[in-house]
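Each remark here refers to the structure printed beneath this line.
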Amino acid sequence: MFSNLYIRSKENRSICDNLQAAIAFHAALNLYGLNYTPNPKTPYEQVSKQKDAIDFLQFPKETFQYKAGDCSDLAILYGSLFQAVGIDAAFITVPGHIFIAADLGLSPEQAPKELIPEGQFIAHKGKAWLPIEVTSIHDGFVSAWQLGAKEWTENNDLGQAGFYPIQEAWAVYQPVGLPGADVIVSLPQSDTILRAYLAETRKYLDMALSPIVVKLQRQIQDSGNVPAMNSLGVLYAKYGEDDKAEAQFKQALSKKTYLPSLLNLGHFYFRRGNWSDALANYQQASEIDPRNARTLLALARVNQELKNYADARLNYERLKTLDPNLASQFAFLGEGKDTGARAADVSTERKSILWETGD
């Protein structure tokens, strides 16, 4: 749980929350000095083949204390950490081995749209699960994820992989605790965890974004495709490449006055708090299509920030007529003023950008 607290301020809103938690846990456990150590007396590879064998399993606090465990001990620890922060976990068994999967909080249909590559997640009962090879603690999260996905795919294709959600297991086997004093865990330095988390997040984004970026760049090079320039800009903007995002939106607009890119460049300035430039782009977009609901929303939001409350409310009322559902998501704009309750969430609201893909 400590890793979740340390990375909270640096989370990327465009990356699945549960994935970010998994990255943080894996980085923190590596820095803590946790190691994979097969049990010499009851190796899991052997006892898992014997129905009458009794395996020695460590409680999570014991694994923290010893800073070591075999695959079953590490799977138990990972599963406990995920469950402790409200993320469902599952044990995966393959011949002679056990590892873990975490619920991404996404459906199998949503997962690819949220930058979870096909073949890198498990579809089980309408949920997308993230497989993690727990013994690859020191190899980095992306490597542990890819290895877990590979082990699942290969063994599932052969009909020899088991999938056991912990919540379902608790319905059969009541969870137990280890009596005695709590183990004192010496936490890694917060800035060290944060650096490791950001490095692994960047590695994940490079892996997931690379094929999409290459495809869009090819379209741009082949035909000067303006929608592709805009889509590439959105991709960069959503995942932290601000300079590249701005350049792509401006490149698209240098080719033609393209409404999605006008709005996106305005959104880019809005997110940076550059209200005047954001307003100028939104006004230009409004001249092209004065009845565009997303443009009216953008105008209402920037006028609210500029304290032009009358204009904000006017644009919001027009938005309510055109798109009541969209308007309901930003109901505070209809108040025509800055309220104390809204001010508390202003930072979150400013980051909530509806990028225009042009689809």
Practice item. Determine which single condition A341 fails, assuming it passes every other condition in (1) assigned to a loop (DSSP other than H, G, I, E, B); (2) at pLDDT below 60. Key: (1)
Review point. How many residues are hydrophobic (A, V, I, L, M, F, W, C) and touching a residue at least 40 places away in the same chain (Cβ under 8 Å) when one looks only at segment 50-76?
Key: 5
Exercise for review: Identify the single condition in (1) among the polar types (S, T, N, Q); (2) closer than 30 Å to I122 by Cβ; (3) not assigned by TED's automatic domain parsing to the domain that holds F25 that T192 does not satisfy, given that it satisfies every other one.
Suggested key: (2)
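Every residue, every condition in (1) among the β-branched types (V, I, T); (2) surrounded by 15 or more Cβ atoms within 10 Å (Cβ to Cβ); (3) more than 17 Å from the chain's Cα centre (by Cα), yes or no:
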residue: W170; (1), (2), (3): no, no, yes
residue: G177; (1), (2), (3): no, no, yes
residue: I184; (1), (2), (3): yes, no, yes
residue: D191; (1), (2), (3): no, no, yes
residue: Y197; (1), (2), (3): no, yes, no
residue: D206; (1), (2), (3): no, no, no
residue: I220; (1), (2), (3): yes, yes, yes
residue: G224; (1), (2), (3): no, no, yes
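Conditions tested, residue by residue: (1) assigned to a helix (DSSP H, G or I); (2) at pLDDT below 95; (3) more than 20 Å from A21 (Cα to Cα).
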{"position": "F64", "(1), (2), (3)": "yes, yes, no"}
{"position": "G79", "(1), (2), (3)": "yes, no, no"}
{"position": "F91", "(1), (2), (3)": "no, no, no"}
{"position": "A128", "(1), (2), (3)": "no, no, no"}
Review point. Across segment 228-271, what is the total count of residues that are more than 24 Å from R13 (Cα to Cα), in a helix (DSSP H, G or I) and touching a residue at least 40 places away in the same chain (Cβ under 8 Å)?
Key: 1
Study note, to complete from the structure: All conditions in (1) in a loop (DSSP other than H, G, I, E, B); (2) on the phi < 0 side of the Ramachandran plot; (3) touching a Ser or Thr at 6+ places or on another chain (Cβ under 7 Å) are true of G119 except (2)
Exercise for review: Could you run through segment 294-312 and say how many residues are surrounded by fewer than 19 Cβ atoms within 10 Å (Cβ to Cβ) and part of a helix (DSSP H, G or I)?
Suggested key: 4
Point to revise | Residues located in segment 102-135, provided they are free of Cβ contacts under 8 Å to residues at least 24 places away in the same chain, in contact with a helix residue (DSSP H, G or I) (Cβ under 9 Å, 6 or more places away or on another chain) and of a type outside the set (A, V, I, L, M, F, W, C) | key: E118
Review point. Regarding A161, is this residue surrounded by 14 or more Cβ atoms within 10 Å (Cβ to Cβ), assigned by TED's automatic domain parsing to the domain that holds F99 and more than 18 Å from L34 (Cβ to Cβ)?
Key: yes
Study note, to complete from the structure: All-but-one check, I87 against (1) outside any loop (DSSP other than H, G, I, E, B); (2) within 18 Å of the chain's Cα centre (by Cα); (3) surrounded by 19 or more Cβ atoms within 10 Å (Cβ to Cβ), failing number (1)
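The values are calculated or read from the model by the stated rules, or taken from the named source; none is laboratory data. A quick note: this is a predicted structure, and the numbers were derived from the prediction, not measured. Cβ atoms come from the backbone with ideal geometry, glycine included; neighbour counts cover every protein chain shown.
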